[in-house]
1. Which one of these is within 16 Å of the chain's Cα centre (by Cα), assigned to a helix (DSSP H, G or I) and farther than 27 Å from ALA241 by Cβ: SER18, SER61?
2. Is it the case that some residue within segment 164-172 is closer than 22 Å to VAL97 by Cβ and of a type in the set (S, T, N, Q)?
3. Which residue out of ILE25, ILE46, ILE37 is touching a helix residue (DSSP H, G or I) at 6+ places or on another chain (Cβ under 7 Å) and without any contact (Cβ under 8 Å) to a residue 40 or more places away in the chain?
4. All but one of (1) within 12 Å of the chain's Cα centre (by Cα); (2) closer than 21 Å to ALA21 by Cα; (3) assigned to a helix (DSSP H, G or I) hold for GLY148; state the number of the condition that does not hold.
5. For PHE170, which of the numbered conditions (1) assigned to a helix (DSSP H, G or I); (2) over 11 Å from the mean Cα position of the chain (by Cα) fails to hold?
6. Please tell me if LEU60 is of a type in the set (A, V, I, L, M) and at pLDDT 90 or above.
7. Being buried (at least 17 other Cβ atoms within 10 Å of the Cβ), in a helix (DSSP H, G or I), modelled with pLDDT of 85 or more and of a type in the set (A, V, I, L, M, F, W, C) is true for just one of LEU24, LEU38. Which residue is that?
Amino acid sequence: MLDFIRSYDLTVTQWTLSNLAGALIGITKTGMAGAGILVVPLMAGIVGGKAAAGLTLPLLSMGDLFAVRYFHGHADWKTIGRLLPWTTLGLALGLGVGSLIDDSVFKAIIAVFVILGLALTIWRDYVKKDLRIPNAWWFAVGMGVLSGFASMIGNAAGAISSLYFLSMRFGKNAYLGTSAWYFMIVNLLKLPLHIFFWKTINARSLGFGLLLIPAVFAGAFIGIRITRRIPEKPFKLVILAFSAIAALRLIL
């Protein structure tokens, strides 16, 4: 096992950050959704932008199972069905763009979407608390395409798609159930794209992901049990601050 771990040639700091990213996946899928925005910037700083998107995808899919397990009975399938065709178009656009650019540009695009997600989160939660979001067909089209593109490029669609789900005026359980199923379907759609087109998911990346599974489980436990006792506002502010730092590091 030690030889297998050493074969990835990562420093102690890089392993620590990788396991932190795994834990954040577990937390974001079962507890505080804002934590997920930090995952891909962390991994992109270690293994590269496109590689990070592929490496984290199986772990995100595993986290989706936790979310669906707890909120599976509350999904609004009409909303998911309305959004998915446009999300699929966004995935295709992201696939095409990602195939044409080098890794430095890829990381810069990830950073842009992370910063966009931060801005949307801050605007929604701290500036426009009484935000009225349109519930119209054109909004579904725009949010679906943008969400799919951001998801394909950097698994960074959370803040974007949440605006659309908020426009549905869902209660807490319906919001959590709908987003859980939506992201599980989207992430499953992305798996063959990463495997056969970008080739970012292979035996080596899956082996690395297996080493992070304990961290994902630990994060899921934290999300379910412990974060209920932690005030959400300071936790979210810390995540937002670290996400901004991680995004800026990808650009600078």
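The values are calculated or read from the model by the stated rules, or taken from the named source; none is laboratory data. None of the values given here were measured: they were computed from a predicted structure. Ideal geometry is used to build each Cβ from the backbone, glycine not excepted, and the neighbour counts take in all protein chains shown.
1. None of the other options fit; the residue is SER61.
2. There is no residue in segment 164-172 that is closer than 22 Å to VAL97 by Cβ and of a type in the set (S, T, N, Q).
3. ILE46
4. (2)
5. That leaves (1) as the condition not met.
6. no
7. Just a single option satisfies the conditions, and that option is LEU24.
Residue-by-condition table, conditions (1) among the polar types (S, T, N, Q); (2) in contact with a Phe, Trp or Tyr (Cβ under 8 Å, 6 or more places away or on another chain); (3) modelled with pLDDT of 90 or more:
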| residue | (1), (2), (3) |
| --- | --- |
| LEU188 | no, no, yes |
| LEU191 | no, no, yes |
| HIS194 | no, no, yes |
| THR200 | yes, no, yes |
| LEU206 | no, no, yes |
| LEU210 | no, no, no |
| ALA220 | no, yes, no |
| ILE230 | no, no, no |
| PRO234 | no, no, no |
